[in-house]
Amino acid sequence: MKHKRVNILGTPVSSLTMDELFIDWETVIQKVEKAQVCITPVNSILAARATARVQEIYKHADYVLCDGVPVKWASIFLGNPIKERITGLDVLPRIFPFAASRNFTMFLLGASPGVAETLKTVMEAKHPGVKIVGTFVPPFRAVFSKEENQEMLDAINKVKPDILLVSLTAPKQDIWIAENLANLETHLAIGIGGAFEVAAGMINRAPKWMQKSGLEWFYRFLQEPKRMFRRYFMEAPVFIPLIIQQKLSTRSGRL
């Protein structure tokens, strides 16, 4: 569906409210169409800037959502504010009751062993009528073999879910969806990031005041320091100077 996009370091980030997004998604499923949804934090935008392949995926994805306060702040600084910050942690609590109320089926792909099954159990208890028709945990590796990839496709296509949630971390999950969407029998393929554990109650989310003040990253770092160190202390500091450079380039007419 058509909507406004904001250029953040070459990545066209969608400017939508959560309500507008879910209205769009319902239309995609009802019209039996296909859509790729990328949820893009700072590290994904930097990965896209560094790798043409990732940049092209985001340029062609149907939705590239603003995951993180820094991305929202950057759009404001650049003079083109994105409507709403929409993270994977925001999408998950809403998508299960959304699917249940419309009789849409769902499939959970990825995360660590046991996580998707726990999430399935939790959501089936919390939202009676939700139809999670399958889960699959692929091996942990940078690139799947042809056989491994086919096993994933077969598991999904056997049940033909309306909504596929992919938790393989970004941008790996976005690359996988882009490469396989044509062969997937699903309508909405969403790269959801590491949100399964939080929605399943296995990891706590930051308090509301930390989310709103832009400190959720620090809360996540305290919970998973090894996994988050590179993202927050090596990649994120590069982001602000690049945004300033984009602003100056725009003013001088070079961008």
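Does the range 4-17 contain at least one residue that is without any contact (Cβ under 8 Å) to a residue 12 or more places away in the chain and out of contact with any Ser or Thr (no Cβ under 8 Å at 6 or more places or on another chain)? No; the residues of the range 4-17 include none that is without any contact (Cβ under 8 Å) to a residue 12 or more places away in the chain and out of contact with any Ser or Thr (no Cβ under 8 Å at 6 or more places or on another chain). Checking every residue in the range 162-173 against the condition of being closer than 28 Å to Ala100 by Cβ, modelled with pLDDT of 95 or more and open to solvent by 70 Å² or more (accessible area, probe 1.4 Å) gives zero matches.
Exactly one residue out of Leu108, Leu65, Leu16 is part of a loop (DSSP other than H, G, I, E, B), crowded, with 22+ Cβ neighbours inside 10 Å, under 18 Å from the mean Cα position of the chain (by Cα) and not acidic (Asp, Glu), and it is Leu16. Condition first: among the basic types (Lys, Arg) and open to solvent by 60 Å² or more (accessible area, probe 1.4 Å). Can you find one or more residues in the range 43-54 that meet it? Within the range 43-54 (the criterion being among the basic types (Lys, Arg) and open to solvent by 60 Å² or more (accessible area, probe 1.4 Å)), the answer is yes, since at least one residue qualifies. One residue alone among Ala200, Ala125, Ala155 is surrounded by 15 or more Cβ atoms within 10 Å (Cβ to Cβ), more than 26 Å from Glu56 (Cα to Cα) and out of contact with any helix residue (DSSP H, G or I) (no Cβ under 9 Å at 6 or more places or on another chain), and that residue is Ala155.
For Ile23, indicate whether it is within 18 Å of the chain's Cα centre (by Cα) and either open to solvent by less than 20 Å² (accessible area, probe 1.4 Å) or within 14 Å of Ile82 (Cβ to Cβ) (or both). No. Residues considered: Arg94, Arg85. Of these, the only one that is charged (D, E, K, R), crowded, with 20+ Cβ neighbours inside 10 Å and not in a strand (DSSP E or B) is Arg85. Taken over the range 1-13, residues that are buried (at least 19 other Cβ atoms within 10 Å of the Cβ) and part of a loop (DSSP other than H, G, I, E, B) amount to 1. The numbered conditions (1) of a type in the set (Gly, Ala, Ser); (2) more than 16 Å from the chain's Cα centre (by Cα); (3) not in a loop (DSSP other than H, G, I, E, B) are all true for Ser44 except (2).
Taking residues in the range 107-120 that are in contact (Cβ under 8 Å) with a residue 24 or more places away in the chain and within 11 Å of Pro138 (Cα to Cα), and partners anywhere that are in a helix (DSSP H, G or I) and of a type in the set (S, T, N, Q), the pairs with Cβ atoms closer than 9 Å and at least 6 places apart or on different chains are Leu109/Gln173; Gly110/Gln173.
Out of all the residues in the range 134-148, is one or more under 21 Å from Ile86 (Cβ atoms), open to solvent by less than 40 Å² (accessible area, probe 1.4 Å) and out of contact with any Ser or Thr (no Cβ under 6 Å at 6 or more places or on another chain)? No: zero hits. Selection of the range 159-197 for residues being on the phi > 0 side of the Ramachandran plot and touching a helix residue (DSSP H, G or I) at 6+ places or on another chain (Cβ under 8 Å) yields only Gly193.
Right, Arg102: surrounded by fewer than 19 Cβ atoms within 10 Å (Cβ to Cβ), in contact with a Phe, Trp or Tyr (Cβ under 9 Å, 6 or more places away or on another chain) and under 25 Å from Gly129 (Cβ atoms) or not? Here the answer is no, as Arg102 does not meet what is asked.
The values are calculated or read from the model by the stated rules, or taken from the named source; none is laboratory data. No experiment lies behind these values; they were computed from the predicted model shown. As a convention, Cβ positions derive from the backbone with ideal geometry for all residues, glycine included, and neighbour counts pool all protein chains shown. Ligands, DNA and RNA are excluded from the accessible area calculation, which covers all protein heavy atoms including side chains. Shrake-Rupley method; radii C 1.70, N 1.55, O 1.52, S 1.80 Å.
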